[in-house]
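Participant: Take a look at this one; I'll ask things after.
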Amino acid sequence: MSSQETQYLTQLLTTFRVADLGEGDINAGTNLLAIMAVTLANLAPADDSIILHSGTPARLGTSLLITGSVSSGRAGEEVITEVGRRQANLATRLRRYCDWVVEQASKPSLVTPPTGPGTDSADDLLGQVLGEFAPLYDTSSQAWSRILNEAPVEQVRDLADRPKFLVCAARAKDLEAQLKGLRPGHPLIHVGISRPADFAELVDLGAALLEGRYPIGDGCELLRGNMILSDPLRLLNEAAKAPDERTAWLGHFLWLADGDAGPQVPEEVFQAMPVSGSPSTERFRLALGNVMASRLSLHEMKTQRLYFDTRAATYRWTDFLDEMEPHLPGISGAARNLLNSLVFGLYEMARFDERLVFSMAGVEAFARLLVRRAINARTAICHAADVALRRSQIEKVFRKLQNGWFEERKIYKDLAIPAADCRDSLLWLQEAGLALRMDRKWGLLEGACLNFTDCRLPLLEV
């Protein structure tokens with residue numbers, strides 16, 4: 001990561017106070033910021049209501065796999081619970097209102113209160129097309145086209161029947177029964193993983209939802225949703241070690257993992273003073289209410305441009321994902337919409353506070369960090385034995401250098417490790433600021449202390 005990229009990333013992560021979000025765990029805070037921004041994008045109205053500066057629809061939505069107890073816990077507390085609370089408030093009030101409407105309708109002496117418009121322009125067109133005479137202003141083909149393209153205006157009863165933004169299931173087998181009463185647009189689906197077998201049991205249903213081929217009702221409507229899988233017990237480790245056709249669908253997800261697999265958040269984020277203003281959790285709640293409200297007023301929605309012009313950045317993003325694809329097959333699809341989703345979500349969190357300023361370059365750096373961390377997390381999970389061997393070799397080389405300065409050839413001969421592995425270990429120690437090569441010999445810097453937990457370098461680099 002270049003110094004300029006580090007600067008942009010530091011500004012963004014400091015602006016959104018990721019240290020506070022993670023309650024001191026900078027990696028969990030970074031994950032939570034991504035989860036918040038992506039969730040807002042996942043809950044946004046239909047794609048055609050958010051457009052790029054070019055006028056084309058901005059494709060939003062990214063599915064997340066959160067592994068580790070800290071990030072899973074923070075996501076549950078600050079994101080899933082908040083969406084669920086607002087959804088429950090809406091459903092309760094709608095039920096009470098509809099019950100009241102029914103009660104008033106049973107009293108003939110009173111005027112039945114309105115429950116929403118009965119028809120709209122497309123409904124009028126339908127009557128004209130199906131009637132005896134031709135439509136007044138359109139051909140029959142044009143009228144049918146409008147009917148197909150324009151969603152009907154909802155009545156209150158329709159809203160009460162379809163109040164869900166969020167679908168939660170404790171077990172994979174319970175998910176299908178919950179996919180009812182969904183708002184127009186893509187639902188957010190949350191499943192907690194409690195057994196290694198849950199990944200395999202979700203394969204058919206989960207893949208169909210992510211690919212937009214899951215039929216609901218009588219099959220006239222195909223559903224596509226964005227999913228969040230929470231894996232607090234790190235059961236993904238077991239599934240990833242023995243990949244097969246039942247776990248291949250996990251390539252649809254961006255992996256967000258606890259731990260220090262790297263690359264790490266820049267050191268400057270720890271030292272920088274946080275931007276003044278309300279906490280990011282409060283900004284997220286304000287943004288969440290705003291985004292969810294827009295899904296309740298689809299017929300009043302005005303086209304909204306994405307905050308940044310992302311066209312050039314999107315080309316760079318596509319190239320970056322192509323480079324990363326060999327390291328994590330499926331990431332080009334899983335993270336295709338990540339850049340637009342982060343732009344949308346972060347702007348929604350910042351729009352109510354003029355003091356919060358961030359750049360497109362910062363969002364790009366943030367997105368690249370998330371993808372590289374996902375790849376390194378997968379590497380650490382799938383290659384745990386390799387990581388353990390690498391760590392052991394670094395420890396051996398470090399202990400050897402505690403005895404003085406040595407040529408590289410003597411180090412790998414005395415330790416009986418491959419020359420290439422010895423060189424990699426020495427370069428790792430050098431990049432970590434612990435060792436130095438001088439006059440063809442390697443030695444430790446004064447005060448060098450090997451600590452894999454605090455070190456900001458991954459053991460296996462992408």
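Participant: Which residue pairs have Cβ atoms closer than 9 Å, lie 6 or more positions apart in sequence or on different chains, and pair a first residue in region 315-332 that is β-branched (Val, Ile, Thr) with a second residue that is outside any loop (DSSP other than H, G, I, E, B)?
Facilitator: Correct list of pairs: THR318/SER332; ILE331/GLY251; ILE331/LEU254; ILE331/LEU321; ILE331/MET324; ILE331/VAL371; ILE331/ALA374; ILE331/ILE375.
Participant: Let me ask another. Please tell me if ALA377 is open to solvent by 40 Å² or more (accessible area, probe 1.4 Å), in contact (Cβ under 8 Å) with a residue 60 or more places away in the chain and either within 23 Å of PRO266 (Cα to Cα) or not acidic (Asp, Glu) (or both).
Facilitator: Values: open to solvent by 40 Å² or more (accessible area, probe 1.4 Å): no; in contact (Cβ under 8 Å) with a residue 60 or more places away in the chain: yes; either within 23 Å of PRO266 (Cα to Cα) or not acidic (Asp, Glu) (or both): yes.
Judged against the criteria, ALA377 is not a match.
Participant: I've got another one for you. Within region 362-374, can one find any residue that is in contact (Cβ under 8 Å) with a residue 24 or more places away in the chain and not in a helix (DSSP H, G or I)?
Facilitator: no
Participant: Tell me which residues, restricted to region 396-414, are assigned to a helix (DSSP H, G or I), more than 30 Å from GLY68 (Cβ to Cβ) and open to solvent by 40 Å² or more (accessible area, probe 1.4 Å).
Facilitator: Selection gives ARG399, ARG409, LYS410, TYR412, LYS413, ASP414.
Participant: Would you confirm whether any residue within region 336-357 is closer than 23 Å to VAL265 by Cβ, open to solvent by 30 Å² or more (accessible area, probe 1.4 Å), part of a helix (DSSP H, G or I) and free of Cβ contacts under 8 Å to residues at least 40 places away in the same chain?
Facilitator: no
Participant: Being in contact (Cβ under 8 Å) with a residue 40 or more places away in the chain, surrounded by fewer than 16 Cβ atoms within 10 Å (Cβ to Cβ) and among the small types (Gly, Ala, Ser) is the filter here, so list the residues in region 380-395 that pass it.
Facilitator: Once the filter is applied, which keeps residues that are in contact (Cβ under 8 Å) with a residue 40 or more places away in the chain, surrounded by fewer than 16 Cβ atoms within 10 Å (Cβ to Cβ) and among the small types (Gly, Ala, Ser), region 380-395 yields only ALA384.
Participant: Just to be sure before I move on: is LEU32 under 30 Å from LEU182 (Cα atoms), in a helix (DSSP H, G or I) and in contact with a Gly (Cβ under 7 Å, 6 or more places away or on another chain) in the structure I sent?
Facilitator: The answer is yes for LEU32.
Participant: Right, here's the next one. Out of ALA420, ALA448, I need the residue that is outside any loop (DSSP other than H, G, I, E, B) and either modelled with pLDDT under 95 or surrounded by 12 or more Cβ atoms within 10 Å (Cβ to Cβ) (or both). Which one?
Facilitator: Details: ALA448 fails: outside any loop (DSSP other than H, G, I, E, B).
When all the criteria are applied, what remains is ALA420.
Participant: So how many residues does region 295-324 have that are in a loop (DSSP other than H, G, I, E, B), surrounded by 13 or more Cβ atoms within 10 Å (Cβ to Cβ) and of a type outside the set (Val, Ile, Thr)?
Facilitator: Of the residues in region 295-324, 6 are in a loop (DSSP other than H, G, I, E, B), surrounded by 13 or more Cβ atoms within 10 Å (Cβ to Cβ) and of a type outside the set (Val, Ile, Thr).
Participant: So TRP100 ticks every box in (1) open to solvent by 10 Å² or more (accessible area, probe 1.4 Å); (2) under 30 Å from ILE193 (Cα atoms) but one. Which box is left unticked?
Facilitator: For TRP100, the failing item is (2).
Participant: Listed residues THR139, THR92; which is open to solvent by 30 Å² or more (accessible area, probe 1.4 Å), over 20 Å from the mean Cα position of the chain (by Cα), at pLDDT 75 or above and more than 20 Å from ARG336 (Cβ to Cβ)?
Facilitator: THR92
Participant: Report yes if some residue within region 164-171 is more than 19 Å from the chain's Cα centre (by Cα), part of a strand (DSSP E or B) and free of Cβ contacts under 8 Å to residues at least 40 places away in the same chain; otherwise report no. Write out each step before concluding.
Facilitator: Initial filter on region 164-171 (more than 19 Å from the chain's Cα centre (by Cα)): 164, 170-171.
If we keep only those that are part of a strand (DSSP E or B) as well, we get 164.
If we keep only those that are free of Cβ contacts under 8 Å to residues at least 40 places away in the same chain too, we end up with none.
Among the residues of region 164-171, not one is more than 19 Å from the chain's Cα centre (by Cα), part of a strand (DSSP E or B) and free of Cβ contacts under 8 Å to residues at least 40 places away in the same chain, which makes the answer no.
The values are calculated or read from the model by the stated rules, or taken from the named source; none is laboratory data. Computed from a prediction, not measured in an experiment: that's the story for all the values here. Backbone-built Cβ (ideal geometry, glycine too); neighbour counts: all protein chains shown. These accessible areas exclude ligands, DNA and RNA; they are computed on the full protein's heavy atoms, side chains included. Shrake-Rupley method; radii C 1.70, N 1.55, O 1.52, S 1.80 Å.
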